[in-house]
Amino acid sequence: MAQILSAILMLIGAGFMLIAAIGVARLPDVFMRMHASTKSATLGVGCLMLGAALYFGDFAIAARAIAVVIFFFVTAPVAAHMLGRAAYLADVPLWDKTLSDDLHGKYDLDRHTLSSGEATPDHAGATRA
């Protein structure tokens with residue numbers, strides 16, 4: 001039974017990774033490509049590692065597989081966020097059919113802070129323009 005469940009998890013993981021690869025190859029801009037690669041690949045690695053842990057049935061291998069999954073789930077979203085931020089600040093063009101850019105005109109490149117365009121309270125409670 002464990003081998004069947006392991007094979008199913010590995011097939012699901014390979015499917016997610018195939019979706020990630022197709023997304024990276026087919027999506028039109030860097031932000032959409034990063035979304036496809038991080039979301040699908042993270043789920044793919046998670047399923048593959050859990051499938052491997054079930055297949056071998058050894059506690060040491062299962063512990064390593066869980067460690068890989070935790071490491072990947074922690075690092076992949078952070079890396080994608082940093083790459084996306086760097087791409088946005090480097091003015092990498094958005095896809096021409098992108099409907100909105102929520103940061104346009106609200107990000108101060110000199111101070112690297114967000115502004116809503118209206119007065120906002122700072123940490124001491126004072127109001128800034």
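The values are calculated or read from the model by the stated rules, or taken from the named source; none is laboratory data. Since the structure is predicted, the reported quantities are computational estimates derived from the model, not experimental observations. Cβ sites come from the backbone with ideal geometry, for glycine too, and all protein chains shown count toward neighbours. The accessibility values were calculated without ligands, DNA or RNA, using every heavy atom of the protein model including side chains. Shrake-Rupley method; radii C 1.70, N 1.55, O 1.52, S 1.80 Å.
Here is how the numbers come out for the structure above:
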{"quantity": "Surface accessible to a 1.4 Å probe, per residue, for the residues of the chain, Å²", "calculated": "72 Å²"}
{"quantity": "Relative packing of peptides 1-13, 99-111, 81-93, 37-49 - highest average C-beta neighbours within 10 Å first", "calculated": "37-49, 1-13, 81-93, 99-111"}
{"quantity": "Tensor-based shape of segment 1-89 (alpha-carbon gyration tensor, a/c under 1.5 rounded, otherwise prolate or oblate)", "calculated": "oblate"}
{"quantity": "Cα centroid of segment 1-27 to Cα centroid of segment 33-71, whole Å", "calculated": "11 Å"}
{"quantity": "222 nm mean residue ellipticity, helices alone, for the chain (DSSP H n ≥ 4; -39,500 (n - 2.57); rounded to 500)", "calculated": "-23000 deg cm²/dmol"}
{"quantity": "Of all accessible heavy-atom area on segment 1-127, the percent that carbon and sulfur account for (1.4 Å)", "calculated": "69 percent"}
{"quantity": "³J(HN,Hα) computed for each position of segment 4-13 - Karplus, 6.51 cos²θ - 1.76 cosθ + 1.60, integer Hz, glycine/proline x", "calculated": "5, 4, 4, 5, 5, 4, 5, 5, 4, x"}
